[in-house]
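Here's the structure, in structure tokens; my notes come after.
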Amino acid sequence: MVKSCCAYLCHSKAKETARNAGISFFRFPKDKRKRSLWTKVINRADWEPNDSVRICSLHFVDEWKSDAPEDVNYVPTIFNYKEKTLSTKQKDLLAQKQLQRCIDQTNRESAILAHSCFTAEVEISVDHNDMDVEDDTEKGVDSHSH
């Protein structure tokens, strides 16, 4: 059976397309306090998560969960049912964050590619004795007369 996200109005399913898009699926925490916080933000009446319930990474600010209570990703905070209440400024900020994540991902991939190309290059040794370099003293120029 394909796992789907438990968040209201979220249609993410744990399939290859989700993996290719970088979407991860997380189990609900075992820690009672954290599990209770996650359950509360899901905002479903008379609902308790079981061991097979998952929530996708799209509901976390950095698209990843955190175990640090002070981290913004400790609890999922992004939900479609809340979008209608977002101001234009909040929507713009969210769009900017999503764009920045895409740019950061592209930069990481570019850096990895550049590093792999650089390390694959053959280092060429240059013998400086074979190079023709004119010395000012050989041309009869006194460097102190300027």
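The values are calculated or read from the model by the stated rules, or taken from the named source; none is laboratory data. On a predicted model such as this, the values are computed, not experimentally measured, just so you know. FYI the Cβ positions are ideal-geometry reconstructions off the backbone, even for glycines, and counts take in every protein chain you see.
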Across the range 63-96, what is the total count of residues that are surrounded by 13 or more Cβ atoms within 10 Å (Cβ to Cβ), closer than 23 Å to Arg19 by Cα, modelled with pLDDT under 90 and not hydrophobic (A, V, I, L, M, F, W, C)?
1
Do we have Trp38 as among the hydrophobic types (A, V, I, L, M, F, W, C) and touching a helix residue (DSSP H, G or I) at 6+ places or on another chain (Cβ under 8 Å) here?
no
Matching residues, the range 1-20, being acidic (Asp, Glu) and in contact (Cβ under 8 Å) with a residue 24 or more places away in the chain:
none
The range 45-66 residues that are over 16 Å from Ala14 (Cα atoms), paired with ones that are in a strand (DSSP E or B) (beta carbon under 7 Å, 6 or more apart)
Lys65/Phe26
If we scan the range 43-56, do we find a residue that is closer than 15 Å to Thr77 by Cα and in a helix (DSSP H, G or I)?
no
Looking at Asp71, Asp46, Asp62 in this structure, which one is farther than 30 Å from Glu109 by Cα and of a type outside the set (A, V, I, L, M)?
Asp46
Specify the residue that is nearest to Phe25 (Cα to Cα); the eligible residues are those in the range 38-62 that are surrounded by 12 or more Cβ atoms within 10 Å (Cβ to Cβ) and among the hydroxyl-bearing types (Ser, Thr, Tyr).
Ser57
